[in-house]
């Protein structure tokens, strides 16, 4: 039979689609044709495959090889199909036995070694979901592919070894070739860099508290304050006090980072919330995702289930900031490009940091500030109202005082704060689970004023503010969300008047940005 | 004669012998015109066969079939038409065959044959 059939996976965004690879050997002059919308990298596979097969001792047929990737209408990209096409061509020439429902995902080197490819985790997940649990990958991808539950993954170093296991003639194979693992055998899983400790932050009691509340309720956070007050320092410590990711979340996060190319030392499930800290000159495509052809995930998606920290937020282009409104609402980014549409999850916790004015000195009494009132207003107005509307905690951070600065080491460390946050999250899951929610930040105003309605005595101060026009209706709901988080942190079953008062303080701490 | 021409001649002899075992009738060998040369003209039943023979001592510089590119194929088709004009023949069934001969001098040459290419 001059027809071979194997399987591989095409990734569109994070979604994998099964691809059937057919290879036919025709009685005609030597040629190698790949059909099914291959991109440049996939078309170059022809040369890689010929060389790899020859150097493995099983040269491809000297006839016309036609490889067809089905479905033909789905654009296929990248070098991950090399192995599937090779195995189909070898099968068509009867050099190996039929491979059944085995899925092949690897790139080939000219010497016949198997090289790792990006996005192996979502690809293997798709294969398992589609009912193809047997997967063959490059040795360097083995650890990552094995993370998928239900998959039977085998890793190989060379095409010759793989062909041997599928019944090629051992006399002909170049089996003594063992590539050195310069391009990364996944060795022992590396420890992720430890998050800096909360104990390093001197003073800043109010800001530390706000950070804890933000972590406990997954509230978005805006920190304004003069340079050197410790805004960046605080934000960097937020991931440390967030709880570990659950199994499902962990897979989502690892899949995105796999697509971006995990460093081989980090091939393990990402259990800690990621932290993304793009520079303020970043373009919309860098934050949201994009690029030519099929869009790739941006910083917002890499921060999925973690923290997206925008330092010097007013320095960002306005359209970049406003582009974040959609993912803040839906937790997902849908990006359209010529080659197709990709949807990436982007449920991140947003942390914004800003100076109070262009010169940065307008804090406290602001006597040193050289900015005009107009400049100050313009500066903070660069963060648009609709964006700030979604930020529950807006806090002013002052310079640390000498008294606080002196007593280093007296502050609480990350571990003990994280413990309180974890307990508060558990209380939220118990309360909100029946409503299909996980954190206080997700609770809608309807639920806040419905199922979770508080007695009038507790909300008196809020009602008063609303009546006097200090607080908008949307602001009212936000204060209620914060109050619930404060109650969860204090291990109370529902907020009391004190919680509501504190919440109002966190919400209103900055008048300038309102 | 140079060595490469001798090898080519030898390969053509082998190819002709092979075609005859298939029952083809050899009409002419090494027909030349201004546009080039046809190695073998043969009759396979009603069909006129324009055969191109490629000979190699080894596969070190690629398979003989790989030496026949699209330009060469197009020229063979033109030469077939030119041969018919020259002989004032009308041959509605005409095809181009390519024959590869690999002979490393060990006494067992390998002949491969592709029918009706291009």
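Rule-based calculations on the coordinates, nothing more; no lab input. Only a predicted model underlies this, so the values are computations on that prediction, with no experimental measurement involved. For neighbour counting, all protein chains shown are included, and Cβ atoms are generated from backbone atoms with ideal geometry for every residue, glycine included.
Below is a table of values for the structure above.
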{"quantity": "For a label point 7 Å along the Cα-to-beta-carbon line of residue A:399, residues of the stretch A:351-391 with backbone N under 14 Å", "calculated": "A:356, A:360-370"}
{"quantity": "Among B:52, B:28, B:88: highest mean-square fluctuation, GNM of chain B, C-alpha pairs under 10 Å", "calculated": "B:88"}
{"quantity": "Full-stretch length increase - residue A:47, residue A:178 - with 0.36 nm per residue and alpha-carbon distance subtracted", "calculated": "45.0 nm"}
{"quantity": "Length added when fully stretched, residue A:292-residue A:33, from 0.36 nm per residue minus Cα-Cα", "calculated": "90.7 nm"}
{"quantity": "Cα-based helix-to-principal-axis angle, A:82-92 vs chain A, degrees rounded to 10", "calculated": "30 degrees"}
{"quantity": "Relative contact order of the stretch A:84-148, pairs being alpha-carbon contacts under 8 Å that are 6 or more residues apart, as %", "calculated": "33 percent"}
{"quantity": "Chain B, helix-only ellipticity at 222 nm - DSSP H runs n ≥ 4, -39,500 (n - 2.57), divided by all residues, nearest 500", "calculated": "-10500 deg cm²/dmol"}
{"quantity": "Residue B:33-residue A:200 pseudo-label distance in nm [points 7 Å out on the Cα-to-Cβ vector]", "calculated": "8.5 nm"}
{"quantity": "Relative contact order of the stretch A:35-192, pairs being alpha-carbon contacts under 8 Å that are 6 or more residues apart, as %", "calculated": "22 percent"}
{"quantity": "In degrees, nearest ten, helix A:497-508 long axis to first principal axis of chain A (Cα)", "calculated": "70 degrees"}
{"quantity": "Within chain B, percent of DSSP bridges classed antiparallel, to nearest 5", "calculated": "65 percent"}
{"quantity": "Cα-based shape type of the stretch A:229-291, given that a ≥ b ≥ c are square roots of the gyration tensor eigenvalues and the cut on a/c is 1.5", "calculated": "oblate"}
{"quantity": "Within chain A, helix-based [θ] at 222 nm, where runs of 4 or more DSSP H residues each add -39,500 (n - 2.57), nearest 500", "calculated": "-9500 deg cm²/dmol"}
{"quantity": "Exercise: per-residue mean of other protein chain Cβ atoms within 10 Å, A:24-31", "calculated": "5"}
{"quantity": "Hull volume in cubic angstrom per residue (convex hull over the Cα atoms of chain B)", "calculated": "106 Å³"}
{"quantity": "FRET efficiency, 1/(1 + (r/R0)^6) with R0 22 Å, evaluated for residue A:54 and residue A:165 via beta carbons", "calculated": "0.65"}
{"quantity": "Residue A:435 paired with residue A:474, simple spin-label distance in nm, labels 7 Å along Cα-to-beta-carbon", "calculated": "1.9 nm"}
{"quantity": "Chain lengthening between residue B:57 and residue B:77 when straightened (0.36 nm per residue, less Cα-Cα)", "calculated": "4.5 nm"}
{"quantity": "Label-reachable residues, the stretch A:37-64, where backbone N falls under 15 Å from a point 7 Å from residue B:66's Cα toward its Cβ", "calculated": "A:46-64"}
{"quantity": "Computed E for residue A:461/residue A:334 - FRET, C-beta separation, R0 45 angstrom, nearest 0.05", "calculated": "0.65"}
{"quantity": "Contact order relative to length of chain A, as percent, for alpha carbon pairs under 8 angstrom and 6 or more apart", "calculated": "13 percent"}
{"quantity": "Protection proxy ranking of B:14-25, A:450-461 - average other beta-carbon atoms within 10 Å, highest first", "calculated": "B:14-25, A:450-461"}
{"quantity": "Gyration tensor (alpha-carbon) shape descriptor, the stretch A:273-415, a/c threshold 1.5", "calculated": "oblate"}
{"quantity": "Degrees between helix A:247-259 axis and first principal axis of chain A (Cα, 0 to 90, nearest 10)", "calculated": "60 degrees"}
{"quantity": "Shape call, the stretch B:1-54: gyration tensor on alpha carbons, a/c limit 1.5", "calculated": "oblate"}
{"quantity": "Kirkwood Rh in Å, taken over all unlike Cα pairs in the stretch A:88-240", "calculated": "19.5 Å"}
{"quantity": "Share antiparallel - DSSP beta bridges, the protein assembly as shown, percent rounded to 5", "calculated": "55 percent"}
